[in-house]
Amino acid sequence: MRRNGFFSPARILVIAGHTFTHLVRMKVFYFLAVFAILMLAMSYFEGPWSRAADDSAEQVLIDIKGWASGAMLIFSIIIAIASTALLIPKDLEDRTLYTILSKPVPRFDYLLGKLLGVFCLIGISLLLMDVMLSVILHYRTEQLLVEEMEIAKALKWPKEYVETRYADISSQGVTWSLQAGIGALFMKACIMAAIALLISTFSSSTLFTIVISVVIFCIGHFTADARNYWLHTSGKDASKHVKFLSQAAALVFPDFQLFNINDATNKGKVISPDLFVHLVKLTFFYTGIYSILAWFTFRKKEF
Amino acid sequence: MKTLAQLVVVIFVLAGFGLLKVDYEEQIHQELLAEDLIQPPMKNLDKRELGQVSAAAVLGGMRSPIASIENLRAFVHFENLDWAKVETSYQIITALQPQTTHYWDTGAWHLHTNASVYYKENKDLSPFKQSAMRRRYIDKGSAFLEEGVRQNPDNWQLHNALARLWSDYHKLPDLKRALKHYEDTLACKSLPDYKRTQLMRFTFYTMTRVKGREKDAYTMGRELFDASDRNHTPNLVCCLFVLQNLLAVPETERIPETALFPDEKTQYAWLQNYFDHRSQDYPMDGVRAKILELGLKLNPGQN
């Protein structure tokens with residue numbers, strides 16, 4: 001009875017597993033080769049005068065992390081949007097959709113399974129990139145530490161200064177904060193996948209879904225400005241029309257700036273567990289709302 | 001028609017749930033800003049200068065890699081001696097990464113050192129123009145660092161960079177201004193302990209040269225001298241010797257010369273070297289007489 005209910009975790013997992021396998025067969029992981037090349041190139045690249053300043057060793061590591069997180073963001077968002085936009089049209093094309101929906105599979109379970117499959121794909125992609133980054137970052141940190149200690153020996157730095165330098169450089173290596181930043185990238189990509197799923201339920205073309213999702217992704221980075229204008233601008237500085245528009249944007253679109261903690265984590269700043277939990281809650285909130293709305297538009301859709 | 005109706009419902013539901021999340025998002029946003037975990041909003045000027053492609057990337061959370069690319073571009077402008085473009089590039093870079101000391105420091109260095117020296121030595125310009133342009137770029141470098149300090153008030157490295165700039169005798173020293181920046185550096189909570197003593201010595205050297213602050217300088221110098229043998233540097237010892245003469249410290253309260261200097265030969269060498277820096281506004285009370293006295297004593301045959 002439970003297996004045929006409205007919400008069956010086992011059934012959702014089967015659909016998710018199938019979706020994941022299906023997406024993997026589309027050779028999406030080839031992008032990892034590009035990421036690996038980028039990482040290798042960045043690990044040996046030093047900007048102009050990058051070894052001239054006091055904190056240049058740290059800057060080299062921050063640059064590696066900056067490039068890596070930038071690439072991770074691009075890849076994860078592309079995977080999230082493109083693979084989700086392809087889900088329903090591909091199932092229609094392969095006629096799998098008819099087979100699934102003709103069985104006692106609730107449409108909500110079908111959508112959740114599909115979304116979960118995409119989440120798995122994003123998660124594993126980010127995990128693999130994270131492993132590559134961590135290996136290269138660890139190797140480079142050790143190398144820079146050796147170089148710095150040689151300089152310290154040659155210049156006879158005081159012990160406390162050597163210890164501080166060691167700690168400063170080590171803090172820019174592989175840390176839990178860095179993982180928190182990558183976690184925020186995962187959350188952002190998951191929200192984008194849920195948005196793409198919602199759009200794809202009433203969109204008639206994959207391209208439309210992708211374009212609108214990208215537009216929403218950009219708007220999501222303005223939401224904080226819109227909310228700020230709505231909540232904190234008053235008096236003669238406030239325009240009624242702009243205020244209405246900013247209010248609408250702040251209410252309807254997610255605030256992606258909140259998930260941009262990578263720059264801070266790349267510089268070794270610590271994210272408190274409380275703040276991280278807040279971001280996780282927001283991710284659940286958004287993916288939940290978008291999934292329910294996707295079901296609402298998909299529930300009676302005819303094919 | 002049905003799709004449109006569904007779309008309207010979706011937007012209304014999102015707006016409804018938006019009311020639930022807006023305060024929560026605002027609270028997280030403020031927390032993240034307070035802890036410097038997300039970048040503050042960009043100024044309109046910066047957005048205009050950024051260009052469309054970069055702006056889109058920044059909105060997508062790619063500030064760090066774009067700043068790295070702009071940093072390379074700035075290097076090309078520097079090689080072409082195009083100082084206006086160097087300045088613009090660093091304005092963009094620091095707008096993207098306002099918390100990165102390295103960028104503020106490097107940008108300011110290009111302006112107050114590289115550009116100012118370029119104009120100072122440019123024979124195509126009239127002497128008046130050379131001098132005016134030199135002054136202009138030193139001021140630009142200082143203004144750049146001051147903006148960095150305004151955005152990062154507790155960054156000791158930026159305060160220190162300003163102090164070094166205004167106490168640099170190869171530029172246009174303003175010792176009162178330099179002293180203020182040294183005092184600001186010492187007031188920073190971020191100043192690491194291992195740097196504190198060294199910066200206190202630098203503050204002392206600057207204070208010694210500021211008219212009217214000699215008494216404060218003597219108090220500070222004595223504290224440093226008594227605190228550790230590592231502070232018994234030639235310049236500090238010579239400054240104390242001079243300040244005792246300048247302030248006419250009673251014989252009983254003075255640090256004896258035998259305690260200040262390791263031996264007479266070293267005293268002679270250190271005071272000679274100190275005397276050679278008289279163009280740097282160091283007080284010279286009693287130095288010449290002491291050098292003559294020691295010269296006669298140590299090399300009687302030569303006089």
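The values are calculated or read from the model by the stated rules, or taken from the named source; none is laboratory data. Bear in mind that the values here come from a model prediction, so they are computed numbers and not experimental data. Virtual Cβ from ideal backbone geometry, glycine too; neighbours counted across all protein chains shown. To get the accessible areas, we keep the full protein, side chains included, count just its heavy atoms, and leave off ligands, DNA and RNA. Shrake-Rupley method; radii C 1.70, N 1.55, O 1.52, S 1.80 Å.
Of all accessible surface on the protein assembly as shown at a 1.4 Å probe, what whole percent is carbon and sulfur? Reported share for carbon and sulfur atoms: 62 percent. Averaging the Cα positions of each part gives two centres, and for segment A:163-183 and segment A:208-234 these lie 32 Å apart.
With a 1.4 Å probe rolled over the protein heavy atoms of all chains, the accessible area of A:Thr201, A:Thr96 falls in the order A:Thr96, A:Thr201, largest first. Each Lys and Arg contributes +1 and each Asp and Glu -1, all at the Cβ; summed about the Cα centre of the protein assembly as shown, the dipole is approximately 2020 debye.
Relative to the dominant Cα principal axis of chain A, helix A:240-252 is inclined by about 80°. Couplings 3J(HN,Hα) of segment A:220-230, computed from phi: x, 7, 9, 4, 4, 5, 4, 5, 4, 5, 5 Hz, in residue order, whole Hz [Karplus 6.51 cos²θ - 1.76 cosθ + 1.60, θ = phi - 60°; x for Gly and Pro]. Angle of helix B:156-167 to the longest C-alpha principal axis of chain B, folded into 0 to 90 degrees and rounded to 10: 50°. Derived scalar couplings between HN and Hα for segment A:200-209 equal 5, 6, 10, 8, 9, 9, 5, 4, 4, 4 Hz in order, rounded to whole Hz, by the Karplus curve 6.51 cos²θ - 1.76 cosθ + 1.60 (θ = phi - 60°), x for Gly and Pro. When you filter the trypsin sites (Lys or Arg not before Pro) in segment B:107-150 for DSSP loop state and at most 10 other Cβ atoms inside 10 Å of their Cβ, you are left with B:Lys123.
Quick one: Debye curve from the alpha-carbon atoms of segment B:189-303 only, equal weights, vacuum; give me log10 I(q)/I(0) at q = 0.22 Å⁻¹ to two decimals. Treating every Cα as an identical point scatterer, log10 I(q)/I(0) equals -1.30.
Ligands, DNA and RNA are left out, and with a 1.4 angstrom probe the accessible area of chain A is 46 Å² per residue.
In this simple spin-label approximation, B:Ile69 and B:Lys189 carry label points 7 Å from Cα along the Cα→Cβ vector, and these lie 3.7 nm apart.
Quote the FRET efficiency, to the nearest 0.05, computed for A:Ile151 versus A:Val215 with a Förster distance R0 of 30 Å and r equal to the Cβ-Cβ distance. The computed FRET efficiency comes out at 0.05.
Near B:Tyr268, once Lys and Arg are set to +1 and Asp and Glu to -1 for all other residues with Cβ below 15 Å from its Cβ, the sum equals -1.
The chymotrypsin sites (Phe, Trp or Tyr not before Pro) of segment B:144-197 that meet both conditions, a loop assignment by DSSP and at most 16 other Cβ atoms within 10 Å of the site Cβ, are B:Tyr169.
Among the GluC sites (Glu not before Pro) found in segment B:111-168, those both in a DSSP coil and sparsely packed, with 13 or fewer other Cβ atoms within 10 Å of their Cβ, are B:Glu121.
Can you give me the Cα centroid spacing of segment B:102-120 and segment B:157-230 in angstrom? Centre-to-centre (Cα) distance: 22 Å. Taking the C-alpha atoms only, the angle from helix A:273-298 to the longest principal axis of chain A is near 20 degrees.
At a Förster radius of 35 Å, what calculated FRET efficiency corresponds to the Cβ-Cβ distance of B:Tyr24 and A:Val24, to the nearest 0.05? That pair, B:Tyr24 with A:Val24, gives E of 0.45. The overall shape of segment A:194-303, judged from the alpha-carbon gyration tensor, is oblate: a/c is not under 1.5, and a/b is no greater than b/c. Between B:Glu31 and A:Phe284, the C-beta separation translates, for a Förster distance of 22 Å, into a calculated FRET efficiency of about 0.75.
The A and B chains share an interface that buries close to 5200 Å² of accessible area, total over both sides, probe 1.4 Å.
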